[in-house]
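Here's the structure, in structure tokens; my notes come after.
The values are calculated or read from the model by the stated rules, or taken from the named source; none is laboratory data. A quick note: this is a predicted structure, and the numbers were derived from the prediction, not measured. Neighbour counts are summed over all protein chains in view; Cβ atoms, including those assigned to glycine, are modelled from backbone coordinates with ideal geometry. Keep in mind that these areas ignore ligands, DNA and RNA; they rest on the heavy atoms of the full protein, side chains included. Shrake-Rupley method; radii C 1.70, N 1.55, O 1.52, S 1.80 Å.
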Amino acid sequence: MTTPLVPPFTREIAIAKVRMAENAWNGRNPDKVCMAYTEDSFWRNRAEVFQGREKIREFLRRKWDKELNYRLVKELWAYGDDRIAVRFQYEWQDDAGQWYRAYGNENWEFDEAGLMRRREASINDKPIAESERRFFWDAPGDRPSDHPGLINSPE
């Protein structure tokens with residue numbers, strides 16, 4: 001895609017923006033990921049509320065130190081001129097070997113340059129057996145283009 005991924009969003013741009021975010025998070029590089037956010041970006045993630053790119057970087061380091069073997073799938077839910085809503089699932093393993101699937105929704109708001117100035121996430125973790133896993137590509141790294149997206153079920 002040669003179209004800049006900046007507001008106002010079309011469906012095509014919103015889908016590309018979601019996939020770009022998914023790929024960045026699957027790379028698990030806090031220094032790279034935090035650059036997609038404004039210097040004063042506001043975040044709500046579960047019960048944590050914080051502001052600023054450095055706080056985002058610190059959060060992501062803590063997250064990926066805890067959430068081992070992390071693999072994420074995001075899908076566009078809705079979009080407007082400068083906003084995108086996504087649903088997502090990711091799988092991760094704790095240091096004791098227990099697998100989890102996290103389910104959630106995010107609301108994003110962007111500035112005119114396409115940097116995210118606000119992110120609000122609601123997330124639930126569910127312990128799963130290894131046999132219940134759905135995401136099997138090599139990690140860290142992008143989800144392969146032929147790997148299925150999210151299934152249409154509450155599970």
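Points worth noting:
- Residue within the range 63-71 that is open to solvent by less than 80 Å² (accessible area, probe 1.4 Å), in contact with a helix residue (DSSP H, G or I) (Cβ under 9 Å, 6 or more places away or on another chain) and not in a helix (DSSP H, G or I) present: yes
- Of the residues making up the range 75-84, just one is touching an Asp or Glu at 6+ places or on another chain (Cβ under 7 Å) and not acidic (Asp, Glu), namely ARG83.
- Any chance LYS74 is closer than 23 Å to GLU39 by Cα, of a type in the set (Lys, Arg) and surrounded by 14 or more Cβ atoms within 10 Å (Cβ to Cβ): no
- From the list PRO148, PRO144, PRO127, the one residue that fits, being over 17 Å from LYS17 (Cβ atoms), at pLDDT 90 or above and in a loop (DSSP other than H, G, I, E, B), is PRO144.
- When ILE84, ILE56 are screened for being in contact with a Cys (Cβ under 6 Å, 6 or more places away or on another chain) and not aromatic (Phe, Trp, Tyr), only ILE56 passes.
- For the range 81-119, filtered to residues that are assigned to a strand (DSSP E or B) and open to solvent by 50 Å² or more (accessible area, probe 1.4 Å), the residue that is nearest to TYR37 (Cα to Cα) is ARG117.
- Tally of residues being in contact with a Gly (Cβ under 9 Å, 6 or more places away or on another chain), over 21 Å from ILE123 (Cα atoms), surrounded by fewer than 16 Cβ atoms within 10 Å (Cβ to Cβ) and of a type outside the set (A, V, I, L, M, F, W, C) across the range 1-58: 4
- Exactly one residue out of MET116, MET35 is touching a residue at least 24 places away in the same chain (Cβ under 8 Å) and of a type outside the set (Val, Ile, Thr), and it is MET116.
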